[in-house]
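The values are calculated or read from the model by the stated rules, or taken from the named source; none is laboratory data. Because the structure is predicted, anything quoted here is derived from the model rather than measured. Using ideal geometry, Cβ is built from the backbone for each residue, glycine included, and neighbour counts are taken over all protein chains shown. When the accessible area is computed, the model is the full protein with side chains, heavy atoms only, and any ligands, DNA or RNA have been set aside. Shrake-Rupley method; radii C 1.70, N 1.55, O 1.52, S 1.80 Å.
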Amino acid sequence: GRVEVPRSVTAVLGQDVVLPCRYRAQEQEQVVQVTWLKRGPGPVPTEVAVLNPQHGEHVQEPFAGRVLRHGHGALEDGAIVLRN
């Protein structure tokens, strides 16, 4: 399969923005978890959110209340919303 994301996303200060992420699965593949990471100045990215249909959605504390899953259902659409 392959991950499809836009090259860039434009956000407006004070408004919500959707960060799209779609996985085009091959036959017999199933997405079981999506993990969002934030790149920073250091060598190790920061975990933002984990989307898992069995264990639910977990958003790390610094991002709680500001990061939500955009879609519902299958995780082939792993988009998130950044609020405000």
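A single entry from ALA64, ALA49 fulfils the requirement of being touching a strand residue (DSSP E or B) at 6+ places or on another chain (Cβ under 8 Å) and not hydroxyl-bearing (Ser, Thr, Tyr): ALA49. Is it true that ALA79 is touching a Cys at 6+ places or on another chain (Cβ under 9 Å) and at pLDDT 95 or above? Judged against the criteria, ALA79 is a match. The set of residues in the range 39-59 being at pLDDT 95 or above and closer than 19 Å to HIS70 by Cα consists of GLU47, VAL48, ALA49, VAL50, LEU51, HIS58, VAL59.
Looking only at residues in the range 46-72 that are loosely packed, with under 12 Cβ neighbours inside 10 Å and under 14 Å from the mean Cα position of the chain (by Cα), which one is nearest to GLY14 (Cα to Cα)? Only one residue fits best here, namely ALA64.
Listed here are the strands (runs of 3 or more DSSP E) enclosed by the range 1-56 that have at least 1 residues being of a type outside the set (A, V, I, L, M, F, W, C) and free of Cβ contacts under 8 Å to residues at least 24 places away in the same chain: 2-4, 34-38, 46-52. Scanning the range 24-38 for residues that are at pLDDT below 95, touching a Leu at 6+ places or on another chain (Cβ under 9 Å) and open to solvent by less than 90 Å² (accessible area, probe 1.4 Å) turns up just one, VAL31.
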